[in-house]
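The values are calculated or read from the model by the stated rules, or taken from the named source; none is laboratory data. Source: prediction; values computed, not measured. Using ideal geometry, Cβ is built from the backbone for each residue, glycine included, and neighbour counts are taken over all protein chains shown.
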Amino acid sequence: MPPIPAPQTYRVKSFGCQMNVYDGERMGELLTEQGLSAAAEGADADLVVLNTCHIREKAVDRVYSDIGRLRREDGSVPLIAVAGCIAQAEGEEIMARAPSVKMVVGPQAYHRLPGMLAEAVAGRRAVDTDMPAESKFDVLPRRRRSGPSAFLTVQEGCDKFCTYCVVPYTRGAEISRPFADLVEEARRLVEAGAREITLLGQNVNAWAGEDEKGRAIGLDGLTRELAALPELARIRYTTSHPNDMTDGLIAAHAENPKLMPFLHLPVQSGSDRVLKAMNRSHTVDSYLKVLDRVRAARPDIALSGDFIVGFPGETEAEFAETLSLIDAAGYAQAFSFKYSPRPGTPAATMDGQIAPEVMDERLQRLQAAINRDQFAFNRASVGRTCDVLVERKGKLPGQWLGKSPWLQSVHFEADVAIGDIVSVELATAGPNSLGGRLLVPAHA
Ligand code: 5AD
Ligand code: SF4
């Protein structure tokens, strides 16, 4: 391919999980450091980075159709880079299938984007899906910008090998970032305006490190340390594995007022046979016991989860057990998915793949149960007074949107600013959000 003019503007489009959102921000910072600027909303970009998700087939299809549709107003095709987990899993295939893609970069190699960009400008297509020994985090620029609610990747990769899941292959082995680096990045995010930090990891509660005195600490110790940052008001973490809910982390929910009363704890299925086939290494009973311990520490905790319907071999009776688990666990919200066979994972070749229409029907019933419980949780919140972190303007004039401690969206009318934390009485409940009344005038 011939040399091309160096791009001046970029857009990073992230799909999938919150870690991709984090990676997308970091790629943007890296490109900014290279002298590019973020394209304005709605304007053409010279370079488009598609930061992809491989977790389910639908996400993959969307990216290929996006690649085909990318055109600038004058009809030309921008410089396209594919990053994220599809890049990792299907790098060479993307290069072969989509000639308009000039760069493919995996989630552990995106700190090398500037070098690849130079290659692309010189007319050479480049693929980098290495899992290099050096850590991208050591090379990425310092954080300088943040909204009121920021993400911070503390742990990456997964060694659990659930039989349906691509993450151990696309994100690699479990690594914990060093304590000192995390405290430093959190400090910079707070300086840049973050009031809330969500600690991210595929197995975030398996994070392990050493504090400044060399003592072994877990996620509870990390949250304790971050709570010492005066301007940081809220700490969250996601996603946790039931087997890594340590006593210390559970106790932190009772002891650390900055740790928000919210727990995303995927269970996937309510059938012990299915859980075993999924290689989840917990049972329904052990999961419910974890919930009992968490609720003993923090009775008002809002529970979230992930579910997969139609895992190979799932019978109607086993699916009914999942519905019973929903009743027993009491979710404030949850995500649910149809099983999607992922190439290279053990479940993809298991006997008993479930017909799509059976999955559709089960998903509908599951979602009806989840929606019912979410609405009930919201209704039960009416009358409560809580802090709301103001995140953005609402649709109506004078309306603002923020989050309750239980991660509910709350809208209210008041004279406030983004980043304020205000005291709000929850007054009305909808299925997906609550309406509130400001109690105390917002502080300056
Ligand atoms: N099919 C459907 N859902 C999946 N998930 C992960 N892999 C698959 C798959 N192959 C879901 C799980 C996980 C969430 C992030 O995505 O519920 O917790
Ligand atoms: Fe995937 Fe299981 Fe690891 Fe979660 S714990 S990332 S579902 S393999």
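Go through 195, 234, 224 for me and flag whichever is at pLDDT 95 or above, more than 16 Å from ligand 2 (Cβ to nearest atom), in contact with a helix residue (DSSP H, G or I) (Cβ under 8 Å, 6 or more places away or on another chain) and basic (Lys, Arg). Reasoning before the result, please.
On the way: 195 fails: in contact with a helix residue (DSSP H, G or I) (Cβ under 8 Å, 6 or more places away or on another chain); 234 fails: in contact with a helix residue (DSSP H, G or I) (Cβ under 8 Å, 6 or more places away or on another chain).
Result of the check over 195, 234, 224: 224.
Do we find that residue 252 is over 27 Å from residue 274 (Cβ atoms), within 17 Å of the chain's Cα centre (by Cα), of a type in the set (A, V, I, L, M) and buried (at least 22 other Cβ atoms within 10 Å of the Cβ) in this structure? Before you say what the answer is, go through the steps one by one.
Numbers: over 27 Å from residue 274 (Cβ atoms): yes; within 17 Å of the chain's Cα centre (by Cα): no; of a type in the set (A, V, I, L, M): yes; buried (at least 22 other Cβ atoms within 10 Å of the Cβ): yes.
The answer is no for residue 252.
Working carefully through the options 405, 431, 397, find the one that is outside any strand (DSSP E or B), more than 23 Å from the chain's Cα centre (by Cα) and not small (Gly, Ala, Ser). Before you say what the answer is, go through the steps one by one.
Values: 405 fails: more than 23 Å from the chain's Cα centre (by Cα); 431 fails: more than 23 Å from the chain's Cα centre (by Cα).
Unique residue meeting the criteria: 397.
Is it true that residue 61 is without any contact (Cβ under 8 Å) to a residue 12 or more places away in the chain and either surrounded by fewer than 19 Cβ atoms within 10 Å (Cβ to Cβ) or within 30 Å of residue 348 (Cα to Cα) (or both)? Even if it seems obvious, please write down each step before you answer.
Numbers: without any contact (Cβ under 8 Å) to a residue 12 or more places away in the chain: yes; either surrounded by fewer than 19 Cβ atoms within 10 Å (Cβ to Cβ) or within 30 Å of residue 348 (Cα to Cα) (or both): yes.
Criteria met by residue 61.
Tell me which residues, restricted to segment 265-311, are more than 24 Å from residue 201 (Cβ to Cβ) and in contact with an Asp or Glu (Cβ under 7 Å, 6 or more places away or on another chain).
270, 271, 273, 274, 284
Can you tell me which residue in segment 278-302 is farthest from ligand 1 (Cβ to nearest atom), limited to those that are over 30 Å from residue 385 (Cβ atoms) and in a loop (DSSP other than H, G, I, E, B)? Give the derivation first.
Our first condition is that a residue be over 30 Å from residue 385 (Cβ atoms); within segment 278-302, this holds for 278-289.
Those still in the list that are in a loop (DSSP other than H, G, I, E, B) too: 278-283.
Details: 278: 10, 279: 12, 280: 10, 281: 14, 282: 13, 283: 17 Å.
Selected residue: 283.
Restricting to segment 201-238, name every residue that is surrounded by fewer than 21 Cβ atoms within 10 Å (Cβ to Cβ) and among the β-branched types (Val, Ile, Thr).
If the condition is that a residue be surrounded by fewer than 21 Cβ atoms within 10 Å (Cβ to Cβ) and among the β-branched types (Val, Ile, Thr), then 217 is the only one that fits.
Identify the residue in segment 303-356 that is among the hydrophobic types (A, V, I, L, M, F, W, C), more than 15 Å from residue 278 (Cβ to Cβ) and in contact with a strand residue (DSSP E or B) (Cβ under 7 Å, 6 or more places away or on another chain) and, among all such residues, is nearest to ligand 1 (Cβ to nearest atom). Give the derivation first.
At the first step, the residues of segment 303-356 found to be among the hydrophobic types (A, V, I, L, M, F, W, C) are 303, 307-309, 311, 317, 319-320, 323, 325-326, 328-329, 332, 334-335, 337, 347-348, 350, 354-355.
Among the residues that remain, those that are also more than 15 Å from residue 278 (Cβ to Cβ) are: 303, 317, 320, 323, 326, 328-329, 332, 334-335, 355.
Remaining after also requiring in contact with a strand residue (DSSP E or B) (Cβ under 7 Å, 6 or more places away or on another chain): 303, 329, 332, 334-335.
Numbers: 303: 14, 329: 15, 332: 17, 334: 10, 335: 7 Å.
Ranking the candidates gives 335 first.
Just for segment 255-266: of the residues that are within 16 Å of ligand 2 (Cβ to nearest atom) and closer than 27 Å to residue 230 by Cα, which one is surrounded by the fewest Cβ atoms within 10 Å (Cβ to Cβ)?
At the first step, the residues of segment 255-266 found to be within 16 Å of ligand 2 (Cβ to nearest atom) are 263-266.
From the residues that got through so far, the ones that are closer than 27 Å to residue 230 by Cα too are 263-264.
Numbers: 263: 25, 264: 19.
So, considering only residues that are within 16 Å of ligand 2 (Cβ to nearest atom) and closer than 27 Å to residue 230 by Cα, the one surrounded by the fewest Cβ atoms within 10 Å (Cβ to Cβ) is 264.
Picking from 260, 245, which residue would you name as being in contact (Cβ under 8 Å) with a residue 12 or more places away in the chain, over 20 Å from residue 350 (Cβ atoms) and away from ligand 1 (no atom under 16 Å from the Cβ)?
Values: 245 fails: away from ligand 1 (no atom under 16 Å from the Cβ).
Just a single option satisfies the conditions, and that option is 260.
Rundown of residues vs (1) surrounded by fewer than 17 Cβ atoms within 10 Å (Cβ to Cβ); (2) within 13 Å of ligand 2 (Cβ to nearest atom); (3) closer than 22 Å to residue 106 by Cα, yes/no style:
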| site | (1), (2), (3) |
| --- | --- |
| 151 | no, no, yes |
| 159 | yes, yes, yes |
| 169 | no, yes, yes |
| 179 | no, no, no |
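Can you say whether residue 127 is surrounded by fewer than 21 Cβ atoms within 10 Å (Cβ to Cβ) and in a strand (DSSP E or B), as far as the supplied structure shows?
Yes.
Hey, residue 203 hits all of (1) under 18 Å from the mean Cα position of the chain (by Cα); (2) among the polar types (S, T, N, Q); (3) more than 16 Å from ligand 2 (Cβ to nearest atom) but one; which does it fall short on?
In the conditions (1) under 18 Å from the mean Cα position of the chain (by Cα); (2) among the polar types (S, T, N, Q); (3) more than 16 Å from ligand 2 (Cβ to nearest atom), residue 203 misses (3) alone.
Within segment 273-316, can you find the residues that are among the hydrophobic types (A, V, I, L, M, F, W, C) and within 16 Å of ligand 2 (Cβ to nearest atom)?
Result: 274, 275, 277, 278, 290, 307, 308, 309, 311.
Kindly indicate the residue of segment 156-187 that is aromatic (Phe, Trp, Tyr) and over 18 Å from the mean Cα position of the chain (by Cα) and also nearest to ligand 1 (Cβ to nearest atom) among those meeting that condition. Reasoning before the result, please.
As a first pass, look at segment 156-187 and keep what is aromatic (Phe, Trp, Tyr): 161, 164, 169, 179.
Checking which are over 18 Å from the mean Cα position of the chain (by Cα) leaves us with 161, 164, 179.
Numbers: 161: 12, 164: 4, 179: 26 Å.
Ranking the qualifying residues of segment 156-187, first place goes to 164.
Please state which one of 376, 369, 347 is within 16 Å of ligand 2 (Cβ to nearest atom) and more than 23 Å from the chain's Cα centre (by Cα). Spell out the reasoning first.
On the way: 376 fails: within 16 Å of ligand 2 (Cβ to nearest atom); 369 fails: within 16 Å of ligand 2 (Cβ to nearest atom).
Going through 376, 369, 347 in turn, the sole match is 347.
From (1) more than 27 Å from residue 234 (Cα to Cα); (2) more than 16 Å from ligand 2 (Cβ to nearest atom); (3) not aromatic (Phe, Trp, Tyr), pick out the condition that doesn't hold for residue 163.
Exception for residue 163: condition (2).
Is there any pair linking a residue in segment 335-346 that is on the phi < 0 side of the Ramachandran plot and at pLDDT 95 or above to one that is hydroxyl-bearing (Ser, Thr, Tyr) and away from ligand 2 (no atom under 13 Å from the Cβ), with Cβ under 8 Å and at least six apart or on different chains, and which?
Between residues of segment 335-346 that are on the phi < 0 side of the Ramachandran plot and at pLDDT 95 or above and residues that are hydroxyl-bearing (Ser, Thr, Tyr) and away from ligand 2 (no atom under 13 Å from the Cβ), the close pairs are 335/304.
Yes or no: segment 267-277 includes at least one residue that is in a loop (DSSP other than H, G, I, E, B), within 14 Å of ligand 1 (Cβ to nearest atom), surrounded by fewer than 20 Cβ atoms within 10 Å (Cβ to Cβ) and under 23 Å from the mean Cα position of the chain (by Cα). Walk me through how you get there before you give the answer.
Quick first cut of segment 267-277, residues in a loop (DSSP other than H, G, I, E, B) only: 267, 269-271.
Of the ones still in play, those that are also within 14 Å of ligand 1 (Cβ to nearest atom) are 267, 269-270.
Okay, now just the ones that are also surrounded by fewer than 20 Cβ atoms within 10 Å (Cβ to Cβ), so none.
For segment 267-277, residues in a loop (DSSP other than H, G, I, E, B), within 14 Å of ligand 1 (Cβ to nearest atom), surrounded by fewer than 20 Cβ atoms within 10 Å (Cβ to Cβ) and under 23 Å from the mean Cα position of the chain (by Cα): absent.
Quick one: is residue 415 under 24 Å from residue 257 (Cα atoms) and either small (Gly, Ala, Ser) or touching a residue at least 24 places away in the same chain (Cβ under 8 Å) (or both)? Walk me through how you get there before you give the answer.
Values: under 24 Å from residue 257 (Cα atoms): no; either small (Gly, Ala, Ser) or touching a residue at least 24 places away in the same chain (Cβ under 8 Å) (or both): yes.
It is false that residue 415 is under 24 Å from residue 257 (Cα atoms) and either small (Gly, Ala, Ser) or touching a residue at least 24 places away in the same chain (Cβ under 8 Å) (or both).
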